[in-house]
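Working notes, beginning with the structure itself.
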Amino acid sequence: MKNAPNIVLVGPMGAGKTTIGRLLSQTLEREFFDSDRVIEEKAGADIPWIFDKEGEDGFRRRETHVLQEMLEEPEQRVVLATGGGIVMREENRALLRKETMVVYLYASVEQQLHRTSKSNHRPLLKKGNPKETLTNLFKIRDPLYRDVASLIVETDARHPRAVANKVLDAIKNQFENSESPV
Ligand SMILES: Nc1ncnc2c1ncn2[C@@H]1O[C@H](COP(=O)(O)OP(=O)(O)OP(=O)(O)O)[C@@H](O)[C@H]1O
Ligand SMILES: O=C(O)C1=C[C@@H](O)[C@@H](O)[C@H](O)C1
Ligand SMILES: [Mg+2]
């Protein structure tokens with residue numbers, strides 16, 4: 001599976017991108033990055049602070065910059081978990097379509113709500129009714145996730161390890177024939 005390209009996880013808040021990304025990186029022995037964390041490290045501030053001071057637009061500019069850096073000239077192939085809104089910009093979607101295996105981790109709004117209810121570091125869920133917000137975001141974003149995805153994996157009734165195994169099976173099927181013999 002060494003020949004597999006960069007593996008990028010997309011999907012809504014609470015789909016499990018960070019959780020599954022970590023599991024994949026261990027099995028594939030690749031470095032794992034989470035674009036949200038990379039943005040925070042570069043900014044020296046957390047996401048709520050960036051939203052507060054620079055607005056969502058400022059955050060999106062930072063997000064595009066990080067995605068370009070990670071995918072355009074990677075020193076090595078990586079596993080990258082992205083933020084839920086990565087598909088909102090066409091330039092990001094164009095980057096994701098290039099030589100990247102994009103996995104859409106699908107979760108229903110009910111599951112998104114359940115899994116995001118334990119923490120309050122997501123600025124978009126701090127205002128208004130979280131269920132309405134997640135429903136509205138899902139309507140806009142689900143077609144965009146599908147547009148960039150090479151693989152869609154249902155996560156609702158699956159343990160994280162089982163989700164990771166689905167992704168690994170697909171990578172194996174797609175890329176094992178291009179491996180050089182050991
Ligand atoms: N398949 C799963 N089954 C049950 N719980 C899960 C599953 N995947 C993730 N979780 C749990 O849901 C929560 C959110 O997961 P995680 O942070 O990985 O999501 P995310 O997609 O990275 O969200 P965000 O876009 O906000 O960064 C965590 O508590 C995690 O343990
Ligand atoms: O869905 C979104 O737009 C976001 C999801 C998070 O991962 C962060 O990227 C940020 O909170 C915005
Ligand atoms: Mg995450």
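The values are calculated or read from the model by the stated rules, or taken from the named source; none is laboratory data. Predicted model only: the values in this text are computed from it and were never measured. Using ideal geometry, Cβ is built from the backbone for each residue, glycine included, and neighbour counts are taken over all protein chains shown.
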task = Quick one: count up the residues across region 11-27 that are crowded, with 20+ Cβ neighbours inside 10 Å, closer than 18 Å to HIS121 by Cβ and among the β-branched types (Val, Ile, Thr).
result = 0
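At least 3 residues that are closer than 28 Å to ILE50 by Cα and among the basic types (Lys, Arg) in each: list the helices (runs of 4 or more DSSP H) lying fully within region 81-180 that qualify.
Because the criterion is at least 3 residues that are closer than 28 Å to ILE50 by Cα and among the basic types (Lys, Arg), the helices (runs of 4 or more DSSP H) in region 81-180 that meet it are 130-148.
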query = Here are VAL78, VAL103, VAL87: which of them is under 20 Å from LEU28 (Cβ atoms), within 13 Å of ligand 1 (Cβ to nearest atom) and surrounded by 18 or more Cβ atoms within 10 Å (Cβ to Cβ)?
reply = VAL103
request  = Please enumerate the residues belonging to region 127-139 that are out of contact with any Gly (no Cβ under 9 Å at 6 or more places or on another chain) and touching a residue at least 40 places away in the same chain (Cβ under 8 Å).
outcome  = PHE138
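If a residue has to be at pLDDT 95 or above and small (Gly, Ala, Ser) to count, how many in region 151-165 make the cut? Show your work before the answer.
From region 151-165, those at pLDDT 95 or above are 151-156, 158-165; that's our starting set.
Pick out the ones that are also small (Gly, Ala, Ser) and you get 162, 164.
Number satisfying all stated conditions: 2.
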note = Here the qualifying pairs (Cβ atoms under 9 Å; residues six or more apart or on different chains; first in region 38-50 and more than 20 Å from MET70 (Cα to Cα) and touching a residue at least 12 places away in the same chain (Cβ under 8 Å); second in a helix (DSSP H, G or I) and small (Gly, Ala, Ser)) come out as ILE50/ALA43; ILE50/GLY58
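Inside region 1-80, counting only helices (runs of 4 or more DSSP H) that do not spill past its ends, which hold 2 or more residues that are more than 17 Å from the chain's Cα centre (by Cα) and either within 15 Å of ligand 3 (Cβ to nearest atom) or at pLDDT 95 or above (or both)? Step through it out loud before you land on a result.
Working: elements: 17-28, 35-43, 47-72.
The helices (runs of 4 or more DSSP H) meeting that bar are 35-43, 47-72.
When you check GLN76 against the structure, is it in contact (Cβ under 8 Å) with a residue 24 or more places away in the chain and more than 21 Å from LEU151 (Cβ to Cβ), yes or no?
Working: in contact (Cβ under 8 Å) with a residue 24 or more places away in the chain: yes; more than 21 Å from LEU151 (Cβ to Cβ): yes.
Here the answer is yes, as GLN76 does meet what is asked.
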query = For region 28-61, how many residues are buried (at least 16 other Cβ atoms within 10 Å of the Cβ), away from ligand 2 (no atom under 12 Å from the Cβ) and within 30 Å of ASN165 (Cβ to Cβ)?
reply = 4
note = All-but-one check, ASN173 against (1) within 21 Å of VAL8 (Cα to Cα); (2) under 18 Å from the mean Cα position of the chain (by Cα); (3) surrounded by fewer than 13 Cβ atoms within 10 Å (Cβ to Cβ), failing number (2)
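If we scan region 95-107, do we find a residue that is polar (S, T, N, Q), touching a helix residue (DSSP H, G or I) at 6+ places or on another chain (Cβ under 8 Å), within 16 Å of ligand 2 (Cβ to nearest atom) and touching a residue at least 24 places away in the same chain (Cβ under 8 Å)? Steps first, answer last, please.
Here is the first cut: in region 95-107, the ones polar (S, T, N, Q) are 100.
Next, from what is left, pick out any that are touching a helix residue (DSSP H, G or I) at 6+ places or on another chain (Cβ under 8 Å): 100.
If we keep only those that are within 16 Å of ligand 2 (Cβ to nearest atom) too, we end up with none.
Scanning region 95-107, I find no residue that is polar (S, T, N, Q), touching a helix residue (DSSP H, G or I) at 6+ places or on another chain (Cβ under 8 Å), within 16 Å of ligand 2 (Cβ to nearest atom) and touching a residue at least 24 places away in the same chain (Cβ under 8 Å), so the answer is no.
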